[in-house]
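Asker: Have a look at this one.
No lab work stands behind these numbers, since they all come straight from the coordinates. The shown structure was predicted, so the numbers you read here are calculated from the model rather than taken from an experiment. Glycine gets a Cβ as well: all are built from the backbone with ideal geometry, and neighbour counts include every protein chain shown.
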Amino acid sequence: MSEEAQNKVDVLERALKRERAARKLAEMQLENYTRELLEQEVLNDETRMEVENQQTQLSFLTGLLAETWSKPTLNKIVENYLERTCAFLSKPDNLFIELDNQCNYGQFQYYTQSSTESEINEHLQLLKSFLAQLDREKLYDLLQQEQETQLIDTNEISNETQDFYQFCVMVPLYTLALEDKKTVGVAVLLYQDQQDINITKLQTLESSRSMLSIAIERKRAEEELQQQLINLEETNKVLEQTQLQLVGQEKLASLGFLAAGVAHEINNPVGFVLSNLDTMADYIKDIKSALQPLADEPSSTSLPQLSKNYEEYELPFLFEDSDEILKSSVEGLERVKAIVADLSTFSRMENDELEPIDVTKVINKSLNMVSNEFKYKHHIETDLLESATILGIESKLQQVFINLFVNAKQAMAEGGTLYVRCYRERTKIMVRVKDEGKGIPHENIKEIFTPFFTTKAPGEGTGLGLSISYSILQQHNAKVEVLSEPNKGTEFVISFFEFF
Amino acid sequence: MKGSVFNALQEFVETNHGLEAWDTMLNTLDLPSQGIYTSSIKYDDSEMFSIVTYYCEALNVPASDLLRTFGEFLFSKLMPMAPSEAKKAPSLHAFLYMVDNLIHVEVKKIYADSNLPEFDYKDQSDQHLTMIYNSERKLCHLSEGLILGAAKHFGEEVSISQSKCLHEGDDACHIEVRFL
């Protein structure tokens, strides 16, 4: 071979060597890429699984959160928790136990899930027997020592050897201290096999715990509040009844106050009607005697005797006086009738319907009732409308006026005049009740309608009179104004809407 | 610099000067890679400069001419690897605009470690385009050759000059492309 040819071969050989080496490098490069790709794929898988895990955990947490807040009662929250936890951890049977410091069960709930009913029943039986064999003191102590989720051997908290549930995870849900009683609520997740325990998921569970505790505490507080509300409502009911009784008593009190006067008022006519009747009995006796000849000898012969008797027995006077006596008796009884009628409207209170009534009439009736009180040292001056119709309740309004009149009288211990005026002012019917009494001290004016406010000695007034009057007037949509000047007198100005 | 450029350079030398010319160069320079170039592997830039310097001396031509001629050749090797959108470019102008905005972006996706020159575009009109070249390698003349190769590919005539050049101490090379 020529040198030139040899050279050429050498060049080619070197070129070939380089090409081979370059190919080798390329192949190695390819292998590296492939390996990297594979590793990346594995990494991707891991990341995807991680993401899926996190997604499950997140959906567990958010689901639990959302549902927990929406549950109406503590029991429902716990039930939801057991159900969700069971689905999330997929394996365990769940128990919820509430224990107090005496290790008594407050309550408990089971939860298990399975596709077949027989398996569910079987598991429920197992849960029940586990609960029966539970060493409550031990469990309570454990919960006192450790406030966080813990994994323990089931035998540690059991009185008997457990061969079905080997492990349990205890999730303390809440601790409640009520007076001297302490209560702990714990979820117990029971596992047959340690392999089933997923630590990551348990960590998620643990992280849901604080939120759940808050929710449970809130719910507890809410339930307590609810209970307090019920108690309050009951108290309120009692108060309302008491108030009703007091209102009744106030009416009785004013009735009692009036009774003496009314009795006098009735007694008077009854007294003179009685004496009238006595006199009438004597007159009848005299008339009988004077007419006796007619009975003995019914003929014209008795006429002289009769005319004699006519003069002797003063029959003309008897007849004349009898007319007088009968007239005054009727009048007396009419008065009794009127008083009794007024009294009966006053005592009739059950009606709450507003109806057209005549204020003038009501004022007159009320004045009748109290007139006896004003008989000696007091005067009453009235300036009333012929009639003034408003919507109201006669008996109640009567109570208001009687109360105002009686107050006025009491304010004028030394005597004085009560002025009662009733007049129209545009669409209003105004009633002014004015006395010449000692007046109300300025600082007391805003208190006079306050229940139980009284300046009277204990036992003399309930302090309800004006407050009841005020509420009655409010019921009548009436406005009240009080004008008072010490030692000059007090005036109540009441305005009603006229009813057309 | 990627092995593919060395492969192209080898092909360029062997085509124009024969197998021995490449082999002699390798025997003379004793490069770290021993002349074993695989397209996807990155090699030290100094190898490229050594090779270029060697041939400039051996052939007695200025580096700018050699690089420009190689650039034209290199274009024909790179064009088949370009993204299809670039291949379908309607004109040389449009294509040149895609170099920085599309082609280099795609190259970066495949070779994240590649050290590509940067182009800015200025004074764009139908007749004229300024491509501002910036690279620590200062291979502006190779770019000129690539532009010429592209012009040939699109069947257009251009004249190329540089108003500023890194080799003249400027901040960047301003390659003025005039479309004739």
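Asker: Which aspartates and glutamates does B:Lys42 reach when only Cα atoms under 19 Å apart count, and residues fewer than 8 places away in its own chain are ignored?
Answerer: Result set, ordered by chain and number: A:Glu19, A:Glu27, A:Glu31, A:Glu36, B:Glu11, B:Asp30, B:Glu106, B:Asp113, B:Glu118, B:Glu136.
Asker: Among the lysines, which have Cα under 28 Å from the Cα of A:Lys288 when same-chain residues fewer than 8 positions away are ignored?
Answerer: A:Lys308, A:Lys327
Asker: Let me check I've understood the local charge: for A:Glu39, count other residues with C-beta under 11 angstrom from its C-beta, Lys and Arg +1, Asp and Glu -1. What total comes out?
Answerer: Numbers: positive: A:Arg35; negative: A:Glu36, A:Glu41, A:Asp45, A:Glu46.
Spelling it out: positives minus negatives among the neighbours equals -3.
Asker: Could you calculate the contour length gain from A:Asn268 to A:Glu36, that is, 0.36 nm times the residue separation minus the distance between their Cα atoms, to one decimal place in nm?
Answerer: In short, 71.0 nm is gained.
Asker: Identify, among B:Pro62, A:Tyr376, A:Leu232, the residue whose Cα sits farthest towards the positive end of the charge dipole of the protein assembly as shown, taking +1 on the Cβ of Lys and Arg and -1 on the Cβ of Asp and Glu, with the dipole about the Cα centre.
Answerer: Final value for the positive-end residue is A:Tyr376.
Asker: Peptides A:43-52, A:385-394, A:490-499, A:141-150: what's the order by average Cβ count within 10 Å, highest mean first?
Answerer: Top of the packing list down: A:490-499, A:385-394, A:141-150, A:43-52.
Asker: Report the antiparallel proportion of the DSSP beta bridges in the protein assembly as shown as a percent, rounded to a multiple of 5.
Answerer: 90
Asker: Among B:Met98, B:Ser50, B:His128, whose Cα lies farthest out toward the positive end of the dipole of chain B, if unit charges sit on the beta carbon of Lys, Arg (+1) and Asp, Glu (-1)?
Answerer: B:Met98
Asker: How big is the dipole moment of the protein assembly as shown about its Cα centre under a simple scheme where the beta carbon of each Lys and Arg is +1, that of each Asp and Glu is -1, and everything else is neutral? Debye, nearest 20, please.
Answerer: 1280
Asker: Which ordering of B:Phe70, B:Phe75, B:Phe49 is given by a fewest-first count of other beta-carbon atoms within 10 Å?
Answerer: B:Phe49, B:Phe75, B:Phe70
Asker: How shielded is B:11-24 by partner chains, expressed as the average number of their Cβ atoms within 10 Å of its Cβ atoms?
Answerer: Working: counts 0, 0, 0, 1, 0, 0, 0, 2, 5, 6, 1, 4, 9, 1.
If you average over the peptide's residues, the count of other-chain Cβ atoms is 2.
Asker: Taking the Cα centre of the stretch A:380-500 as origin, work out the dipole magnitude from +1 charges on Lys and Arg Cβ and -1 charges on Asp and Glu Cβ, in debye rounded to 20.
Answerer: Around 220 debye, computed over the stretch A:380-500.
Asker: Just counting partner chain Cβ atoms within 10 Å, what average do the residues of peptide A:13-20 show around their Cβ? Don't skip to the answer; put the middle values down first.
Answerer: Details: counts 1, 7, 8, 0, 3, 9, 2, 1.
Counting other chains' Cβ atoms within 10 Å and averaging over A:13-20 gives 4.
Asker: Further question on the same structure: Within 10 Å of each Cβ in B:38-45, how many Cβ atoms from other chains are there, averaged over the peptide?
Answerer: What the average comes to for B:38-45 is 3.
Asker: Let me ask another. So, in nm, how far is label A:Ala132 from label A:Leu303 when the simple model puts each one 7 Å beyond its Cα toward the Cβ?
Answerer: 12.5
Asker: If you don't mind, another one. Can you return the lysines within cross-link range of A:Lys8? Criterion is Cα-Cα under 18 Å, with same-chain partners fewer than 8 residues away left out.
Answerer: Reachable lysines: A:Lys17.
Asker: Further question: For the pairs A:Lys237/A:Lys446; A:Lys377/A:Lys434; A:Lys237/A:Lys479; B:Lys88/B:Lys109; A:Lys138/A:Lys201; A:Lys375/A:Lys446, note any where the Cα-Cα span goes beyond 24 Å.
Answerer: On the way: A:Lys237/A:Lys446 28 Å; A:Lys377/A:Lys434 16 Å; A:Lys237/A:Lys479 29 Å; B:Lys88/B:Lys109 20 Å; A:Lys138/A:Lys201 26 Å; A:Lys375/A:Lys446 32 Å.
In this structure, A:Lys237/A:Lys446; A:Lys237/A:Lys479; A:Lys138/A:Lys201; A:Lys375/A:Lys446 lie more than 24 Å apart at Cα.
Asker: Where in the stretch A:366-430 are there trypsin sites (Lys or Arg not before Pro) that are in a DSSP coil and have at most 16 other Cβ atoms within 10 angstrom of their Cβ?
Answerer: Taking the stretch A:366-430 and a limit of 16 other Cβ atoms within 10 Å, the loop trypsin sites (Lys or Arg not before Pro) found are A:Lys375, A:Lys377, A:Arg426.
Asker: Pop the C-beta distance of A:Glu52 and A:Ile199 into the FRET formula with R0 = 22 Å and round what comes out to the nearest 0.05.
Answerer: Once the sixth-power term is evaluated, E becomes 0.85.
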